[in-house]
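The values are calculated or read from the model by the stated rules, or taken from the named source; none is laboratory data. No experiment lies behind these values; they were computed from the predicted model shown. Backbone-built Cβ (ideal geometry, glycine too); neighbour counts: all protein chains shown. We work out accessible area using only protein heavy atoms, side chains counted, and drop any ligands, DNA or RNA first. Shrake-Rupley method; radii C 1.70, N 1.55, O 1.52, S 1.80 Å.
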There are 4 protein chains.
Amino acid sequence: MSRTFASDNNSGAHPAALVAIAEANDGHVHAYGDDPWTVRGVRAVRSHVGESAEVFFVFNGTGANCTGLSAVLRHGDCVISAATAHIATDECGAPERLTGCKVLTVPTSDGKLRPADVEPLLAALGVEHHSQPRAISISQVAETGTIYTAEEVRALADLAHAHGMYLHMDGARLANAAVALGSPIAAFTTDAGVDILSFGGTKNGLLFGEAVCFLAQGLGDRFKFERKSGGQLASKMRYIGAQFAAVYGSSVWFECADAANRMAAKLAAGARAAGVEVLWDPRANEVFALLEPDVMRHLQAVADFYEWEPRGEKMIVRWVCSWDTTDEDVDAFVAAIPAASGGTS
Amino acid sequence: MSRTFASDNNSGAHPAALVAIAEANDGHVHAYGDDPWTVRGVRAVRSHVGESAEVFFVFNGTGANCTGLSAVLRHGDCVISAATAHIATDECGAPERLTGCKVLTVPTSDGKLRPADVEPLLAALGVEHHSQPRAISISQVAETGTIYTAEEVRALADLAHAHGMYLHMDGARLANAAVALGSPIAAFTTDAGVDILSFGGTKNGLLFGEAVCFLAQGLGDRFKFERKSGGQLASKMRYIGAQFAAVYGSSVWFECADAANRMAAKLAAGARAAGVEVLWDPRANEVFALLEPDVMRHLQAVADFYEWEPRGEKMIVRWVCSWDTTDEDVDAFVAAIPAASGGTS
Amino acid sequence: MSRTFASDNNSGAHPAALVAIAEANDGHVHAYGDDPWTVRGVRAVRSHVGESAEVFFVFNGTGANCTGLSAVLRHGDCVISAATAHIATDECGAPERLTGCKVLTVPTSDGKLRPADVEPLLAALGVEHHSQPRAISISQVAETGTIYTAEEVRALADLAHAHGMYLHMDGARLANAAVALGSPIAAFTTDAGVDILSFGGTKNGLLFGEAVCFLAQGLGDRFKFERKSGGQLASKMRYIGAQFAAVYGSSVWFECADAANRMAAKLAAGARAAGVEVLWDPRANEVFALLEPDVMRHLQAVADFYEWEPRGEKMIVRWVCSWDTTDEDVDAFVAAIPAASGGTS
Amino acid sequence: MSRTFASDNNSGAHPAALVAIAEANDGHVHAYGDDPWTVRGVRAVRSHVGESAEVFFVFNGTGANCTGLSAVLRHGDCVISAATAHIATDECGAPERLTGCKVLTVPTSDGKLRPADVEPLLAALGVEHHSQPRAISISQVAETGTIYTAEEVRALADLAHAHGMYLHMDGARLANAAVALGSPIAAFTTDAGVDILSFGGTKNGLLFGEAVCFLAQGLGDRFKFERKSGGQLASKMRYIGAQFAAVYGSSVWFECADAANRMAAKLAAGARAAGVEVLWDPRANEVFALLEPDVMRHLQAVADFYEWEPRGEKMIVRWVCSWDTTDEDVDAFVAAIPAASGGTS
């Protein structure tokens, strides 16, 4: 099937992930992670988030977010997120089901949470009638395609820690953020005070597999029970470990994210040049644009993409580039804009 | 790593699964199951359990069991299983966490549940103080290596249905049972009255992936929300679908299970000939034997395996054969028994 | 302790409730509701909501809301409420914990939910990534002191039913609403399409006790298990039944609510005459007023009340009248306003 | 209704509890426990379990057990109890629903758990596939009418603490145990190492109300959120506090339990003298006897009681005495035994 701009989940796996799986398919090893491939995968992740991080592989992003948060949430607690956060909008209530706790959302202008958004909610602390804020969750890249700087992450971490709370990061597109920021992953995670990190694999070239990383000492002490009781323990874990080792233990992760980001930048520039209003500031692999409905439909026929939400008469749409998006893909799409736009005039 | 008798989760994937994954790694497709590979995988599963079955892929066996059961359990309900059932002993409480319901266990002589085991528990029906039996769960192959005949399954299904309950089957080793019974899978599932089936993939040659099958009409109507809120929805689902299509849409599934079963039979026969007491009647790919502790330790040094539970001074041990277990593996292990046994005299 | 305007939970019980309890304290009766007092209590509630209603007593409002909603919510579902709803803000996440589902909130101008608030959220229906709206929950009286007319309730019920959803009403102050509307309770509950009703007792003269009423056929079929597994089954239920029979099987409920509403109207009028801005339209027993912080503190020293939320430099405060609030209570408070206000000039 | 031997939940409230409620019904006090009656109730409970105990009132026994246990259980944990424990058999799965955790049961000879029953289950500790034993729960009085000595409690507490676990006591009939043991409540709770105690009220003369006591430092730190999110926070808490103050802050608790125990002893002696086999050793207020079905039915017509479970052709029945059971009640019942027994010969 031809490439679209619908989702980085629609792209396949990078060849390096496939090769790694084939190599790992060698005889018998212990199940459930006590195998050399998992060890290598953990080592690869630690090379990005620090040697003292506790790293656990799980199947998918929802599983990573929900079990990771559950490790610190108790009955009556809540997690604070942006209203646009994946945990709030796109996990079908898995956080509530798996943690038993509330996700308390705040509207934001650009999908990024700031201390001033969170502070008013902290009045609930200590009052037994209100869910107790126990974690702040941010997405890096945010669901709007925006990126937190290390300083912005640190400000939220400091706020969280000052109130006995934890900072959780949904890093489904962590690699894209690192490339965009031009900094190591640790700079805006471990070093910026993140406590719990969903370290993304699937959207950046893996077939499947994410990692839950506990960056603060001790938080992961009993996570293996959290993971197993949450249905997220892979029996043949070597296949996740091997992929992480191959992609995040080499330069493949960077190349994948860099390619996706560059194509998104090219797409944004091309769309703007063609007169399309591009929202927020696309720095990673997602571009949000404001289109007339007719233009949207014409362009979706060229290469599929999703509607995000209406704004007045127009529609905000999302274009996502993947590790395998090509210059030709972008060129063809951008080239189609004028005709599509003409269709509405 | 050399092959052991520890677990069929320790074996790798059949080459056909790897080839299928490589073939499915072709450009972009819709995520979350709306892709041709998932369609083929569903078709392959339906070829075993009937065209009207509703089939949903999930990541692993615990996920399959818990979300499948959750589809029919309501607050205050319970599921009845053998005390040895995987859902009762080896899922770290995931059923309780994911369903909010109790797993009510019954001791059995051989790991198989019979109507007479269940009937006394049905006195709870209608009494608000007691958890309400809503499902009976059996494992095929049972955790003791024993197998339910189609008639035995039917008897439990009839009992369940007569009381407004459902019959769930944990089919992690479904293929091994089919081969051992010499009958199609449908014969002891769909045709025998099973309502909800965890259709096993991982233990029979896949890298990962199981299927939840609703064999009774309507039970799966809202399962997609159950699956997503349970953290079991794969974004790049094509890789699960492709494996099922390759393994269960061909003769590979049979060859894998048949090989494992034959090696187990050979192992049981060899052990018996060497004077070892083999428990129950190993007809699938698991052999349970009673060993002196010293003999056990000697043999574990030859090829690893797990202790099951003590019986008096001796230990019941479990030997599991996989799709890739060879005659040489078995011969070498059996040949070591006399010396190991001599070590204790 | 002297009466305040802090909460109708701060008032005691009406003497009729105490007398009823003393009368019910007569020898042995079956526990758990199979007793004549519970029968009479159910009869009293049914006299307000219809003979075919299924009525179950529980301990408190949070218990009533959460178990009542849980009866219709499944994994992956959500309930839609106003952002100010008690279930969203004042139950410490009990709905999420007890139902496993999300409470999806909508900002409103006056605490009342309208079809136009709900409709945009229904786009989620059928999409597996999003929590599935399964119930709309409204509070009557709303947490802002406003009241739904029967027509407004009906409009929400119609919307809910058109989408396979249910309408839940948190009727903690149901009696106050009935008195304010000058209509029978059934007019804006059963007859207006409400499916599940938390029928309030505690805030209207009882010591403790609420009723969960299923007004649509069949919804309560297995509620007894929901109630018991939710920890809301009273062993000596006769003491709840007797109170409901005494208060809601006579005119006491009306007298209590009428008294509270009249004192609130008097308080609102007095405050307005003294120059205080009263918000929304206080028709039941709650008055919301906008005060300078200094004025607020002066008045809290006269008779305690709670801050609701800041609005600019001022504070919105809540004054609640109870069944036992007296003219003297209101007169004294209103008389203190000028001096308190002078304190800030 | 005349008194029966069915349940101590069938008896009414002691007059002292009613008087206390009437006295507490005095004007406005803060809701949710910030009132003088709750303070007095807490003081009364502390006079039995120690000044440093953290004491929280809840509605009922199921609520007390489930929220108390939930305070120490995390996902993947389990609580170990006797197979006959109320939490395992008579709470309709509320523990699983409210804690998300498994109740792991052990068969016992007499309803009492002993270290040797628990030890084999501790092999699960640290193994991620198995629910992690985190608490041992015992009932004092046990559901079979038997009583733990302080030494027996201590042995279980030591075992629990040696493995990082907690000892929970379901003290629904705590008072009866204290009277039977002739010792202060603290002797077999706080001083014997109990960490979490459900301190019973309802079965010993209250209308409703139990207390969750944390006897080990720090365990109750965030229990108020556990209680509220579990639906167990009473708004007009003064009525629970006042009852505890009246009954447990005086000699009433002792008189109630002593009366019930003495009547049970008399009943057991009378039944034995009439040739009935009495099981276990009835020392508190419950007597278990083995009856022919015909005898049972004759006697149930004299004064109702419940069947416990069949034993061969006979039935084990339970006779419970309450604080208000009289000598005449027992005499009349015992006098009926010969005729009832004759009916079967």
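In a reduced charge model with +1 at each Lys and Arg Cβ and -1 at each Asp and Glu Cβ, the protein assembly as shown shows a dipole moment near 0 debye about its Cα centre.
Over the Cα atoms of the protein assembly as shown, the radius of gyration divided by the Kirkwood radius equals 0.98; this is the Rg/Rh ratio.
To the nearest 100 Å², how much accessible surface do chains A and D hide from each other in total, with a 1.4 Å probe?
On the way: alone 14320 and 14330 Å², together 26590 Å².
Separately minus together, A and D give about 2100 Å² buried.
Relative to its Kirkwood radius, the Cα radius of gyration of segment D:126-211 gives an Rg/Rh of 1.03.
Averaged per residue, what accessible surface does segment B:121-219 expose to a 1.4 Å probe, in Å²?
Numbers: 2370 Å² over 99 residues.
For segment B:121-219, the solvent-accessible area averages 24 Å² per residue.
Taking label points 7 Å from Cα along the Cα-to-Cβ direction, D:GLU309 and C:GLU23 give a separation of 4.3 nm.
Here's the list of lysines a cross-link from B:LYS228 could span, going by alpha-carbon distance under 27 Å and ignoring same-chain residues fewer than 8 apart: A:LYS102, A:LYS112, A:LYS203, A:LYS224, A:LYS228, A:LYS236, B:LYS102, B:LYS203, B:LYS236, C:LYS102, D:LYS102. When all protein chains stay in place and ligands, DNA and RNA are ignored, the 1.4 Å accessible-area order of D:SER341, A:SER70, largest first, is D:SER341, A:SER70.
Any idea how far the Cα center of segment C:209-230 sits from the one of segment D:148-190, in Å? Each part's Cα centre sits 36 Å from the other's. Counting from the shortest, the label point at B:SER251, 7 Å from Cα toward Cβ, is 4.8, 9.0, 9.0 nm from the same position in each remaining copy. For chain A, averaging the sequence separation of C-alpha pairs within contact (under 8 Å, six or more residues apart) and dividing by the residue count gives a relative contact order of 24 percent. With the charge dipole of segment B:131-238 set up from +1 on Lys and Arg Cβ and -1 on Asp and Glu Cβ about the Cα centre, the Cα lying farthest toward the positive end among the listed residues B:ALA150, B:THR202, B:SER235 is that of B:SER235.
Percent of Cα pairs in segment D:15-248 per distance bin of 10 Å, from zero to the largest separation: 8, 35, 36, 16, 4, 0. Counting, for every residue in C:200-208, the Cβ atoms of other protein chains within 10 Å of its Cβ and taking the mean gives 3. Entry comment: accessible area of segment D:10-55 is 39 Å² per residue, from protein heavy atoms only and a probe of 1.4 Å.
Think of each Lys and Arg Cβ as +1 and each Asp and Glu Cβ as -1; about the Cα centre, that makes the dipole of segment C:15-248 roughly 440 debye. With the alpha-carbon atoms of segment D:252-340 aligned to their principal axes, the span from lowest to highest coordinate is 41, 23, 21 Å, starting with the largest. Starting from the label point of D:PRO184 at 7 Å along Cα→Cβ, the same points in the other copies fall at 6.0, 6.0, 7.5 nm, in ascending order.
With all protein chains in place and a 1.4 Å probe, the accessible surface of the protein assembly as shown carries 52 percent carbon and sulfur. Listed values for segment C:211-221 are Karplus-derived 3J(HN,Hα) couplings in whole Hz (6.51 cos²θ - 1.76 cosθ + 1.60, θ = phi - 60°), namely 10, 9, 10, 9, 9, 9, 4, x, 5, x, 3, and x replaces Gly and Pro.
Expressed in nm², what is the orientationally averaged projection area of the convex hull enclosing the Cα positions of segment B:38-112?
About 6.0 nm², averaged over all directions.
Taking 50 Å² as the minimum loss, tell me which residues in segment B:47-94 lose that much accessible area going from the chain by itself to the full protein complex (1.4 Å probe). Residues passing the criterion (a loss of at least 50 Å², heavy atoms only) are B:PHE59, B:ASN60, B:ARG74, B:HIS75, B:ASP90, B:CYS92. Taken along its three principal axes, the alpha carbon spread of segment B:86-156 comes to 34, 28, 19 Å, from the longest extent down to the shortest. Ranking of A:THR108, B:THR144 by solvent-accessible surface, largest first: A:THR108, B:THR144 (1.4 Å probe, protein heavy atoms only, all chains present). Heavy-atom accessible surface of segment C:252-340, averaged per residue, reaches 43 Å², computed with a 1.4 Å probe.
Nearest 20 debye, what's the magnitude of the dipole of segment B:274-335 about its Cα centre given +1 on Lys and Arg Cβ and -1 on Asp and Glu Cβ? Please report the intermediate quantities before stating the final value.
Details: 5 positive and 14 negative charges, 48 e Å.
Magnitude of the dipole: close to 220 debye.
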